[in-house]
Amino acid sequence: MSSSQISSSSSEAQPPAAAPAPTAPAPHPLAGMLDVPCIVEVVVGDCSITVRDCLKLKRNSVLRLRTNAGADLSVSVQGVPVATGEIVVIDDRTAVRISHITAPPGTEVGE
């Protein structure tokens, strides 16, 4: 006779099967780049002046911009236009409130 310490009797209560582990969400496709810093530029306006006028610039000189007062500002990331916005002041700091997101380069409206 063999004595076995493990019983295969079906009359003993079996512990419930463990619930399947929840599957982790798929990683973001850009996960490795999400913390890379990007240069953001906000352009108030532009103008064109001659080298002669550039050399005359001094403190309190005024450059007249082509942009109308109150017009939205251009917001670029790494030199690529991504949005427009308006200047706001938050806690004595200048900020930009995004008012419109620009379509990615190379796409057409309705794509």
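Observations on the model:
- Computed on the range 58-111, with alpha-carbon pairs under 8 angstrom and 6+ residues apart, the relative contact order is 23 percent.
- Counting only Cβ charges, +1 for Lys and Arg and -1 for Asp and Glu, the dipole size of the range 25-75 around its Cα centre is about 540 debye.
- The range 51-111: C-alpha gyration tensor shape, a/c 1.5 cut-off, then a/b vs b/c: oblate
- Estimated dipole of the range 49-111 in Debye, rounded to 20 [Cβ of Lys and Arg +1, of Asp and Glu -1, Cα centre]: 660
Readers should treat all values here as calculations from the given coordinates under stated rules, not as data from a laboratory. This structure is a prediction, so every number in the text was calculated from the model and none was measured. Here the Cβ is made from the backbone with ideal geometry for all residues, glycine too, and neighbour counts use every protein chain on show.
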